[in-house]
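The values are calculated or read from the model by the stated rules, or taken from the named source; none is laboratory data. Bear in mind that the values here come from a model prediction, so they are computed numbers and not experimental data. Positions of Cβ are backbone-derived with ideal geometry, glycine not excepted, and every protein chain shown enters the neighbour counts.
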Amino acid sequence: MLDTIFIITAAVILISALLTITAHNVVHALLYLVITMLGVSLVFFLLGSSFAAALQIIVYAGAIMVLFIFVTMMLHQGEKSLAQERHLFHFSTSITAFILCSILFCELAYLILLTPVETLSSLSQAQYSPAITVKQIGIQLYGPYSLLVVISALMLLSALITAIHISKSAASIKIKPEDNNL
Amino acid sequence: MSLSNLLLVIPLLPLLSAIILLFCNLSRLWISVLAVGSISSVSLISLFLNFHFWQQTDFVLTASLGNWINIAQLNIGFGLYLDSLSLVMITIISGVGALIHLYSTGFMFEDKSFKRYFTYLNLFVSAMLFLVLADNLLLLYLGWEGVGLCSYLLIGFWYQDKNNNLAANKAFLMTRIGDTAMAIGLFLLFIQLGTLDIQAIQIKAHIVWSLSDNTIASICCLLLLGGAVGKSAQFPLQNWLPDAMAGPTPVSALIHAATMVTAGIYLIARNSQLFQLAPDVLYIVALIGTLTLLLGASAAMVQSDLKRILAYSTISQLGYMFLALGVGAGASAVFHLMTHAFFKALLFLSAGALIYSLHHEHNIFKMGGLFKKLPVVAVSFAIGCSALASLPFTSGFFSKELILEQVIASNSIGLWWAAVLGAFITAFYSARLFFVVFLGQAQLSPNKTPTKAMSIALIILCLFSLLGGIQPSGLTALMPPLNADNLTVLQHRLPIILPFIAISVAWWMFKTERFGKTQYSALKGIHQLLKSGWAFDQMYYIIFIQPFKFICQLNKHDVIDLFYRLIEKTSCVFHKLFSKFQNGHLRSYNASLVIFCILAFAWFLSGELIK
Amino acid sequence: MIPINWILFLSLSLFSIGIFGVLARRNLLFVLISLELMLNAVVILFVAASRYHEASVANSDGQIMYLLVLTLAASEIAVGLSLVIHMYRQHHHLDIDKLNKLRD
C-alpha cells in the first residue's frame, strides 16, 4: 500500500513541478511550488523521517515560500508582468535547454538502471527500522554534529546581514560627516 | 730593483698614468708632465736595458704579473718576455712615443679635449707594450685588441664631425676582419698544440708537424697572417689607412706610422719558427708585400692631400717589410721597421707642424715656397724625404738596401725587380712632395710657427733618421740574414743610383709644371684610378655591401620573425575564440555547466560499458 | 518497502525539471524557483540514502543533512531575493539576458 501512495505522491510532485516552471504567472508558479513542497514532505513521511517532513512544511513551505510571495507582492504588476512573461518564455526558445536536460536525464537514468538487482532487492528487503524520533536527532545535533549547528548559525547570520544591506534603498544610505571632536 | 721587476714596470707605467688621467682633473701642465713623463721613463728604462744587454745576442728576461686563466689545460698568465726582438720594439715604441707625446703637448695645446687625448695616447702605448712583451698569444691578442680600440678612439677623436666617425668605424671594422681570422688561428693552435705560450709553440710545432705534413701548420700560419694583414694595412685590407688620417697628426705619426701598423710584422717575426714550417705561406707573405708595395707607391704618386701621400707611403713601406719577412729575412724586416718608424714619424710630425702653421690646410697644391718661412720644418721634411727615398747614408738607405740584398739572395728575381720599381716610385713621390710644398711660388703664408715642444721633437727625430743606421746586433743572431755575396754589379749598384734618377725626373716634371695638372685625357682615367687607391673602396662596395643591402631588402619583413608572429597570431585567434565563451550571459554559463556534466557522465558511462 | 529505484527516479526527474527551469527561463524569480526544485530533489536523495543505509541501527544522518540544506536554502533565498529587489530597483525589469556587461 505504501507503494501506491508513493506513486501517487510522486506523480503529484512531478506534475506540479512541471506546471511551476512553465507558468507565466509568478503567483501561480509559487502556488504550484508549494504543492511540490507538500508532496516532498509526504515522501519524507513515507520514508519514516517525520522530523524532516515536519521541518519541510514548517520552514520550506511555510517560511521560504512566504518570502517568495512577499517579494512577488512587491514586484508583480498584474497584466503588464504577465505580458512581459509571455514574451520572455516561449517553448520554441527553450528547445536547446530541453534537449540538454533530456540528455542528462537519460544518462543518469541509464546509470541508475546499471545498478545490479541484488543490491536493490536486499535493500528493499530490509526490515522496517524503528522510526527516528526527534529526541535522537536532538542528541545527535548536540553531540557529534554540534559544530555543524554553529556553522549553520554563522551562515544564517551572514545571510541576514547581506540581505539587509543589499536591499537598503540608496536613499537611506547617508554618508555622515567626520566628527573631529571624538 | 731586479731586472724582472723593471720589466714589469714597462707596460704598467703608461697604464697607470692613463688611469690617473682618466679619473683626475689636472691642469694642462700636469697632464703634459704626467703623460710625457711616463713614456719618457719607460724610454729611459728601455735604454738602460739596451745598455745592459749591449752586444749580447741570446738573452732572455721574463717576468710575470700573475695568473689569468686556469681551466683544465688552458693556463694563461700575464707573463712578459724580453729578448732582442722585443727589446728593439720597446725601444722604438717608447722612444718615438715619448717624442710624439712631447710634440703633442704643443700641437694639441689649444684643443678642448687635451686630457682625453693624452689618456687615449697613454692607453695606446701601454697596450702596444703589452703586445710586444707578451709571452703568450692570448696576452698578445689582448694588446692587439687594445691598440685597435685606441686607434678607433683616436681616429675618431674629433667626433663631432661625422666623417671622422665613419673613418674610425672603417678602421676598426677592417682590422676586425683580420682579428677574427687571427682568433680562429689561436683556437686552432691551441687545439692542435695544447698551449698558447709563444716559445712553447715554436718548439712544439716542430715536434708535432713536419715540412712534409704541414697542412694544418699552413692553415694556422695563414690565419695569423690574416690578422697581420688587417692590422698592418696590407692588400686586401689596406684601404682603411688613408681614411684613418682623419685623426690628429701626432696620432697618425704614432699609430699609423711607427707602432700599431708594425704589430703585424712583429707577430710574424715573433712566430718565425712556426712560419718556417709553412714555406708556401711565407711565399704568400712575400707576394702580398710586393703587391702592397706597388699599390701604395703608385697611389702615393698622384695624391694631393699631404697626409694621404704619407699614408700610402706607409702602406708601401710596410709592404717592404712583409716582403722581407716573406723571403726569410726577419732581421732586415725589423731593421727597416725601426728606421721607418724614425723617418715616417719625422715626416708625419713635420706635416703636422706644416698643417698647424698653415691653419689646417692639407692640400699640397695650395702650398708652395715655404722653405724660407718655416726653416725647421723644411729641414726635417728634407731629411725625412731623403730617408724615405733611401738616399745614401740616411738610415732608410741602409735598411732598404739590406732588404733588396736579401730578396736577391733568396733567388726571387721577379720580386726584386718589383721592389726596385717600388723604390723608384718611392723616391719619385717623396721628391714630388718636397718640391711642391717647399719650392716654387709661395701661395699660403704661415700664421703660426711651430712651438718649442714640436721643434725639439722634430730635431731629435732628424738626428735619429740620419744616424739610425746602427743595426742592433742581437737581431742578427735571432734571425740570421741570408748570404748576400753573389750579386751582379748591376744588382749591387742599381739601388744606389735609382733615387737620384727618380729625383731628377721629379725635378724636371716640377720645373715644367706637370704636377697638379693632367694634360692628356687618356691619362685622366689612370690618374683617377690611382688617386682612389686603385678603387678598392668602390670594389668592396660592389662586392660586399651591395649584395648585403640587397639581401636586407629581401628580408625587410624579417623572415625569421614570421615564426614568432605566427605564434602571436595563433594565440590571438585562440583568444578571440575563447573570449566568445565569456559573453556575460548567465544562461550560457549555466548551459556550459550542464554540458560539462553530460560529458563527464558520458565518460564515466563509457568506462562502465567497457567493463 | 518502496524500491529505491523509484525514489532515485523521482529525485532525478525533479532535478532535471529544475535544470530545465534554470536554463530556459529569463525571469530571475523563476530561476530562483527552479533552484528550489533542484534543492528539493537533492534532499529527497539524502533522506532516502540514510533510510536505506545498511546499518542495523537507524541512521539520522540524512535528516541532519536535510537540516543543513534547509539552512542553506533559507540563506540563499534571503540573499537571492534581496538581489532581485535590488535589480528591480536599478533596471526596472527582471530579465537576466539583459545583464551581460561583465565580459570582454
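A few points about this structure:
- Residues being part of a helix (DSSP H, G or I) and at the interface with chain C (Cβ under 7 Å from one of its Cβ atoms) - total across the range A:48-62: 5
- Residue within the range C:1-16 that is closer than 30 Å to residue C:86 by Cβ and either more than 14 Å from the chain's Cα centre (by Cα) or of a type outside the set (A, V, I, L, M) (or both) present: yes
- Criterion: of a type in the set (Gly, Ala, Ser) and over 22 Å from residue B:468 (Cβ atoms) - qualifying residue of B:66, B:95: B:66
- Of all residues in the range C:10-38, those that are more than 7 Å from chain A (Cβ to nearest Cβ) and surrounded by fewer than 21 Cβ atoms within 10 Å (Cβ to Cβ) total 3.
Quick grid of which residues meet (1) charged (D, E, K, R); (2) surrounded by 14 or more Cβ atoms within 10 Å (Cβ to Cβ); (3) touching a helix residue (DSSP H, G or I) at 6+ places or on another chain (Cβ under 9 Å):
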{"site": "B:5", "(1), (2), (3)": "no, no, no"}
{"site": "B:37", "(1), (2), (3)": "no, yes, yes"}
{"site": "B:40", "(1), (2), (3)": "no, yes, yes"}
{"site": "B:46", "(1), (2), (3)": "no, yes, yes"}
{"site": "B:54", "(1), (2), (3)": "no, no, yes"}
{"site": "B:72", "(1), (2), (3)": "no, no, no"}
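- Cβ separations smaller than 8 Å between residues 6+ apart or across chains give the following pairs from the range B:439-456 residues that are surrounded by 13 or more Cβ atoms within 10 Å (Cβ to Cβ) to residues that are of a type in the set (Asp, Glu): B:444/B:361.
- The range C:77-103: number of residues that are farther than 24 Å from residue A:158 by Cα and either free of Cβ contacts under 8 Å to residues at least 12 places away in the same chain or away from chain B (no Cβ under 11 Å) (or both): 9
- Residue within the range B:223-232 that is touching a Ser or Thr at 6+ places or on another chain (Cβ under 8 Å), surrounded by 15 or more Cβ atoms within 10 Å (Cβ to Cβ) and of a type in the set (Val, Ile, Thr) present: no
- Evaluated against (1) surrounded by 24 or more Cβ atoms within 10 Å (Cβ to Cβ); (2) touching a Cys at 6+ places or on another chain (Cβ under 9 Å), residue B:310 falls short on exactly one condition, (2).
- Hits in the range A:59-101 (condition: closer than 24 Å to residue B:599 by Cα and surrounded by 13 or more Cβ atoms within 10 Å (Cβ to Cβ)): A:94, A:97, A:98, A:100, A:101
- Some residue of the range C:52-66 being free of Cβ contacts under 8 Å to residues at least 12 places away in the same chain and acidic (Asp, Glu): yes
- Hits in the range B:174-217 - residues which are among the aromatic types (Phe, Trp, Tyr) and surrounded by 19 or more Cβ atoms within 10 Å (Cβ to Cβ): B:209
- Candidates A:102, A:92, A:158 - the one that is modelled with pLDDT under 90 and either over 25 Å from the mean Cα position of the chain (by Cα) or within 9 Å of chain C (Cβ to nearest Cβ) (or both): A:92
- Listed by first and then second residue, the pairs linking a residue in the range A:151-162 that is in a helix (DSSP H, G or I) to a residue that is of a type in the set (D, E, K, R) and surrounded by 15 or more Cβ atoms within 10 Å (Cβ to Cβ), with Cβ atoms under 7 Å apart and 6 or more places separating them unless they lie on different chains, form an empty list.
- Candidate set: the range B:313-332, residues that are part of a helix (DSSP H, G or I) and at pLDDT below 90; chosen: the one surrounded by the fewest Cβ atoms within 10 Å (Cβ to Cβ): B:330
- Any hit, the range B:267-284, residues being within 16 Å of the chain's Cα centre (by Cα), buried (at least 24 other Cβ atoms within 10 Å of the Cβ) and either of a type in the set (Ser, Thr, Tyr) or assigned by TED's automatic domain parsing to the domain that holds residue B:87 (or both): no
- On inspection, residue B:560 qualifies as loosely packed, with under 11 Cβ neighbours inside 10 Å and either in contact with a His (Cβ under 8 Å, 6 or more places away or on another chain) or away from every other protein chain (no Cβ under 14 Å) (or both).
- Check on residue A:136, polar (S, T, N, Q) and either modelled with pLDDT under 65 or not in a helix (DSSP H, G or I) (or both): no
- Of everything in the range A:105-127 that is at pLDDT below 70 and facing chain C (nearest Cβ under 7 Å), the residue that is nearest to residue B:600 (Cα to Cα) is A:120.
- Residues in the range B:356-381 that are more than 18 Å from residue B:435 (Cβ to Cβ) and either surrounded by 18 or more Cβ atoms within 10 Å (Cβ to Cβ) or not assigned by TED's automatic domain parsing to the domain that holds residue B:433 (or both) were compared, and the one that is farthest from the chain's Cα centre (by Cα) is B:357.
- Checking B:307, B:372 one by one, the residue that is modelled with pLDDT under 90 and among the basic types (Lys, Arg) is B:372 and no other.
- Scanning the range B:387-416 for residues that are polar (S, T, N, Q) and touching a residue at least 60 places away in the same chain (Cβ under 8 Å) yields B:390, B:394, B:395, B:399, B:406, B:410, B:412.
- Qualifying residue in the range B:166-174 (condition: touching a residue at least 24 places away in the same chain (Cβ under 8 Å) and in contact with a Cys (Cβ under 8 Å, 6 or more places away or on another chain)): no
- Of residues in the range B:78-111 being closer than 22 Å to residue B:452 by Cβ and not in a helix (DSSP H, G or I), the one farthest from the chain's Cα centre (by Cα): B:110
- For residue C:68, the criteria (1) under 22 Å from residue A:48 (Cα atoms); (2) at the interface with chain A (Cβ under 7 Å from one of its Cβ atoms); (3) crowded, with 19+ Cβ neighbours inside 10 Å hold in every case but one, which is (3).
- Scanning the range A:1-36 for residues that are over 25 Å from residue A:76 (Cα atoms), modelled with pLDDT under 95 and either more than 8 Å from chain C (Cβ to nearest Cβ) or under 16 Å from the mean Cα position of the chain (by Cα) (or both) gives A:1, A:4, A:5.
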